[in-house]
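Data block below; observations after.
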Amino acid sequence: MTITQTLSGKRILLIIGGGIAAYKCLDLIRRLRERGATVRPVMTRAAAEFVTPLSVGALAATKVFTELFDRDDEQDVGHIRLARETDLIVVAPATADLMAKMATGLANDLASTILLAAGSPVLVAPAMNPHMWRHPATRRNREALARDGIRFVGPNAGEMAESGEAGEGRMAEPLEIVAAIEQVCAAAPKPLSGKRIVITSGPTHEPIDPVRYIANRSSGKQGHAIAAALARLGADVQLVSGPVSIADPDGVTVTRVETARQMQASVERLLPADAAIFAAAVADWRAATEAADKMKKDGGKGPESLPLTENPDILAGIGTHGSLRPGLVIGFAAETEKLIEHATAKLKRKGADLIVANDVSPDSGIGGSGVMGGDRNRITLLSQDGAEAWPEMGKDEVAERLAALVAERLSGSER
Ligand code: C5P
């Protein structure tokens, strides 16, 4: 059975509290990921007594965050980024203790600190003993949280796992939590609504004569995946694509071009925009003259040389151009050596705010057919603030993360 991607591209931060119901989170994570969400798990110390971070991490296919003062975690992501780089925070199971901390604004561990720094909607799935749930203190906390805009799913009535007592306090079932999450996500305005983004993708073909051309190995997979991810976040995406054999991304307006000059003209026609992303592998040179007829072998010999001329640099033109320059300009740098050095030089020379650098050398360590044409990528993000190396991941995930970054950078900015 295929499951509808109702949560496609949604970044969910799942805070797992310390209760017996924590085991249900394993199923919850699976069901959220099946629906297209990415799940970042945070566990309280008590939660780790009920389920192991190893199982949670394996199901989420990512790192599990547990400590506020973990030097590695803080350097890697940091609690403020955990709180901010997310579309929805889900607390499940929410213990009486976690609810009390949230209601009073206590921040003395990673989970409560994230909740205090949260900028996205929060959904709480309480789970506790019926006496604790009925206690006036918990009732007060629940009301205070509801007034703060926190949403609730459950608890349900039934038998308690640990004591066999019956009453209200059982955590909602994973599918009920999924339904509540879908509802919150559907109601939330998309972060890139109203933003126009121009993106180039694929190779360019530079004609030599009517049948031959200069090209490169770009498949367009990464650029197209970014276009799709931006569209899922609500952006008006204008994709200018060179010749590729992959399908047009959903929800995106596509302009098809062949040459660098056509690509440049299309990009300029589509501006102004809030952001421009240059993921195309534009041919740096083209044949100085395009033969009107197919070039013939002359007595078995071809031409001794093929004079080339430089193509316009589309990114540099826009990046350093005053009036048409979008507020956010992102370039790519595919390198086979001295990745950081070359990419940093491009950041400056081309007037980009960010450069997505990747190693496309055959020994880059990326499996399968490598970065060019393959499905995986390992990028380093370069900006004025320095370099940030991302681990190897699927091109779709790189796209999701880049789109989230664009949303973050554009939030609150006007064209
Ligand atoms: O100089 P290089 O080709 O490595 O630069 C890569 C970056 O510049 C990419 O973002 C690419 O899309 C952009 N570029 C461009 N026009 C060119 C050459 C590169 O927009 N003619």
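Just for the stretch 49-68: of the residues that are over 18 Å from Asp27 (Cβ atoms) and surrounded by fewer than 22 Cβ atoms within 10 Å (Cβ to Cβ), which one is modelled with the highest pLDDT? So, considering only residues that are over 18 Å from Asp27 (Cβ atoms) and surrounded by fewer than 22 Cβ atoms within 10 Å (Cβ to Cβ), the one modelled with the highest pLDDT is Glu49. Scanning the stretch 226-261 for residues that are among the hydrophobic types (A, V, I, L, M, F, W, C) and within 17 Å of Gly331 (Cβ to Cβ) turns up Ile226, Ala227, Leu230, Leu239, Val240, Ala260. Assess whether Thr6 counts as being surrounded by fewer than 24 Cβ atoms within 10 Å (Cβ to Cβ) and either without any contact (Cβ under 8 Å) to a residue 24 or more places away in the chain or not assigned by TED's automatic domain parsing to the domain that holds Pro93 (or both). Yes, satisfied.
Residues that are near the ligand (Cβ under 9 Å from one of its atoms) and open to solvent by 10 Å² or more (accessible area, probe 1.4 Å) were ranked within the stretch 267-282; the one that is farthest from the chain's Cα centre (by Cα) is Val282.
Scanning the stretch 286-319 for residues that are open to solvent by 70 Å² or more (accessible area, probe 1.4 Å), more than 12 Å from the ligand (Cβ to nearest atom) and under 27 Å from Arg269 (Cβ atoms) yields Thr289, Glu290, Leu308. All conditions in (1) within 25 Å of Ile29 (Cα to Cα); (2) open to solvent by less than 30 Å² (accessible area, probe 1.4 Å); (3) of a type in the set (Gly, Ala, Ser) hold for Ala144, with the sole exception of (1). Pro326 meets all of the listed conditions (1) open to solvent by 10 Å² or more (accessible area, probe 1.4 Å); (2) at pLDDT 90 or above; (3) in contact with a helix residue (DSSP H, G or I) (Cβ under 8 Å, 6 or more places away or on another chain) but one, namely (1). Checking each residue of the stretch 18-32 against the condition of being part of a loop (DSSP other than H, G, I, E, B), touching a residue at least 60 places away in the same chain (Cβ under 8 Å) and crowded, with 17+ Cβ neighbours inside 10 Å gives at least one match.
Cβ-Cβ distances below 6 Å connect the following pairs, each with a first residue in the stretch 264-284 that is farther than 14 Å from Lys350 by Cβ, a second residue that is of a type in the set (D, E, K, R) and more than 10 Å from the ligand (Cβ to nearest atom), and a separation of six or more residues or different chains: Ala273/Arg196; Asp274/Lys195; Asp274/Arg196; Asp274/Arg415; Ala283/Glu206.
Right, Ser218: over 30 Å from Cys185 (Cβ atoms), within 16 Å of the ligand (Cβ to nearest atom) and of a type in the set (S, T, N, Q) or not? Answer is yes for this residue. Out of curiosity, is Ile366 modelled with pLDDT of 95 or more and either in the same structural domain as Thr204 (by TED's automatic domain parsing) or within 12 Å of the ligand (Cβ to nearest atom) (or both)? No: the conditions fail for Ile366. For the stretch 330-355, taking the residues that are within 8 Å of the ligand (Cβ to nearest atom) and of a type outside the set (Gly, Ala, Ser), the one that is farthest from Ser383 (Cα to Cα) is identified as Glu335. Ala103 meets the conditions (1) within 26 Å of Pro189 (Cα to Cα); (2) open to solvent by less than 20 Å² (accessible area, probe 1.4 Å); (3) modelled with pLDDT of 95 or more; (4) more than 19 Å from the chain's Cα centre (by Cα) in every case but one. The failed one is (2). Given the structure, is Arg81 assigned to a helix (DSSP H, G or I), of a type outside the set (Val, Ile, Thr) and touching a helix residue (DSSP H, G or I) at 6+ places or on another chain (Cβ under 9 Å)? So Arg81 does not fit the description; no.
The rows are residues; the columns are (1) at pLDDT below 95; (2) open to solvent by 10 Å² or more (accessible area, probe 1.4 Å).
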position: Ala172; (1), (2): no, no
position: Ala179; (1), (2): no, yes
position: Ala186; (1), (2): yes, yes
position: Leu192; (1), (2): yes, no
position: Pro207; (1), (2): no, yes
position: Asn216; (1), (2): yes, yes
position: Gly220; (1), (2): no, no
position: Gly223; (1), (2): no, no
position: Ala227; (1), (2): no, no
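The values are calculated or read from the model by the stated rules, or taken from the named source; none is laboratory data. All figures in this text were calculated on a predicted structure; none of them were measured in a lab. Note that each Cβ is placed from the backbone with ideal geometry, even for glycine, and that neighbours are counted across all protein chains shown. With ligands, DNA and RNA removed, areas are computed over all heavy atoms of the protein, side chains included. Shrake-Rupley method; radii C 1.70, N 1.55, O 1.52, S 1.80 Å.
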